[in-house]
Amino acid sequence: MKKYTKKEYGKMVERSAPKTSMFQNLLWAFFIGGAICVVGQLISQYFRNRGWSIENVASGTSIIMVFLGALFTGLGLYDKLAKFAGAGTIVPITGFANAIVSPAMEFKREGYILGVAGKMFVVAGPVLVYGITTSVIAGVIYYLIR
Amino acid sequence: MTNLMTYFNAFWVGGIICVIGQILIDKTKMTPARILVLFVTMGVVLTLIGVYEPLVNLGGAGATVPITGFGYALAKGAQKAVQTYGLLGAFTGGVTATAGGIAAVILFGYLAAVAFNPKEK
């Protein structure tokens, strides 16, 4: 039997893997990502029509979108969509909810403290660490230059 | 008519932000976690240098629903609080502005994980 180097083997795997063209991926990401944002626009328009302030509209919209992302992840529908939509489902805030629910569900057998509650933050933790850290730094910079 | 335009703008602005993420995934094999961290950080930076705000004015939810919009809300909250409270605001503003979203993520994330089980793949 012929021996393959790691590089050759990698090339073989790449060749035999089902080809989804990059253009197709981009199209899916564009349409699904765009569609999720339209849902967000509908929700924020509803709150705006009720006379809410800009800040409250933003918070309310995030809360509903997160709820929907968590619910559809729990139902197993979000990951089905993610197979096609890729970044179209990862980048919106519904994808952030998905990144919290998926590992938390997966590790439930490890208990409700270190399993569910701990694994919730496998992805969300880094997002909060980098988001909040840079925002504090941004606030300090803004304080110095304003 | 203008109403219809806001939805159209939300669609393509949000779509393009997701396409940027997809290009990064396809070209660099970045994991979703790295994409999310990069995008939230970029949201903060672009807001600080004044680039993201016009995008929000144009795209509405198309710019605020992507995770870059979370960075935008953090940075904008910090800036606003700095205007009122000075340096203290840099610490309180970001999390205050995003408190609703963060609480929702924790509450609904926990409830969904408890209520549902992973589907057979």
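The values are calculated or read from the model by the stated rules, or taken from the named source; none is laboratory data. Everything numeric here is computed off the predicted structure, so don't read it as measured data. Neighbour counts run over all protein chains shown; Cβ positions are idealised from the backbone, glycine included.
Could you look through segment A:40-55, keep only residues that are at the interface with chain B (Cβ under 8 Å from one of its Cβ atoms) and of a type outside the set (Asp, Glu), and pick out the one that is farthest from the chain's Cα centre (by Cα)? Across segment A:40-55, the extreme among qualifying residues is A:GLN45.
Only one entry in B:VAL51, B:VAL44, B:VAL37 is without any contact (Cβ under 8 Å) to a residue 12 or more places away in the chain and crowded, with 20+ Cβ neighbours inside 10 Å, namely B:VAL37.
The residue that is nearest to the chain's Cα centre (by Cα), counting only those in segment B:41-71 that are within 10 Å of another protein chain (Cβ to nearest Cβ) and polar (S, T, N, Q), is B:THR68. Kindly check whether there is at least one residue in segment B:59-75 that is surrounded by fewer than 20 Cβ atoms within 10 Å (Cβ to Cβ) and either at pLDDT 95 or above or not acidic (Asp, Glu) (or both). The answer is no, given that none of the residues of segment B:59-75 is surrounded by fewer than 20 Cβ atoms within 10 Å (Cβ to Cβ) and either at pLDDT 95 or above or not acidic (Asp, Glu) (or both). Does B:GLY100 qualify as being facing chain A (nearest Cβ under 7 Å), touching a helix residue (DSSP H, G or I) at 6+ places or on another chain (Cβ under 8 Å), surrounded by fewer than 24 Cβ atoms within 10 Å (Cβ to Cβ) and closer than 14 Å to A:ALA58 by Cβ? In short, yes. Scanning segment A:98-117 for residues that are aliphatic (A, V, I, L, M) and either modelled with pLDDT under 95 or in contact with a Pro (Cβ under 6 Å, 6 or more places away or on another chain) (or both) yields a single hit, A:MET105. Listed by position, the helices (runs of 4 or more DSSP H) enclosed by segment A:69-146 that each have at least 2 residues that are farther than 24 Å from B:GLY93 by Cβ, within 7 Å of chain B (Cβ to nearest Cβ) and within 16 Å of the chain's Cα centre (by Cα) are A:87-90, A:93-106. Considering segment B:21-32, the residues that are under 24 Å from A:VAL38 (Cα atoms) and more than 14 Å from the chain's Cα centre (by Cα) include one that is surrounded by the most Cβ atoms within 10 Å (Cβ to Cβ), namely B:GLN22. Applying the set (1) within 20 Å of B:PRO32 (Cα to Cα); (2) at pLDDT 95 or above to A:PHE84 leaves exactly one unmet item: (2). The selection criterion, being facing another protein chain (nearest Cβ under 7 Å) and either without any contact (Cβ under 8 Å) to a residue 12 or more places away in the chain or more than 29 Å from A:VAL101 (Cβ to Cβ) (or both), holds for B:PHE116.
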